[in-house]
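In what follows, a structure is listed as structure tokens, so that the remarks can point back to it.
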Amino acid sequence: MLIGTNTDMTYQEVKYGMGNVSVGDYQPIYDSKAVCKYVTKHIGKDVDYDIVFKS
């Protein structure tokens, strides 16, 4: 999960905002190029991107 914010968020703030969802790996990233590279590294490598949300 990526969170875009104009202020720094602590681990505790992220965990509180997620409610009952476990927050494992947390790290602030300030390099937008590094984020783009990380997010797009699997595009075109036979990864299934169909996400279905049930309510």
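Rule-based calculations on the coordinates, nothing more; no lab input. Since we're looking at a predicted model, the values are computed, not measured. Backbone-built Cβ (ideal geometry, glycine too); neighbour counts: all protein chains shown.
Below are the figures for this structure:
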quantity	calculated
Matching residues, the range 4-23, being part of a loop (DSSP other than H, G, I, E, B) and surrounded by fewer than 11 Cβ atoms within 10 Å (Cβ to Cβ)	G4, T5, N6, T7, D8, T10, G19, N20, V21, S22
Matching residues in the range 24-41 - criterion: being assigned to a helix (DSSP H, G or I) and among the basic types (K, R)	K33, K37
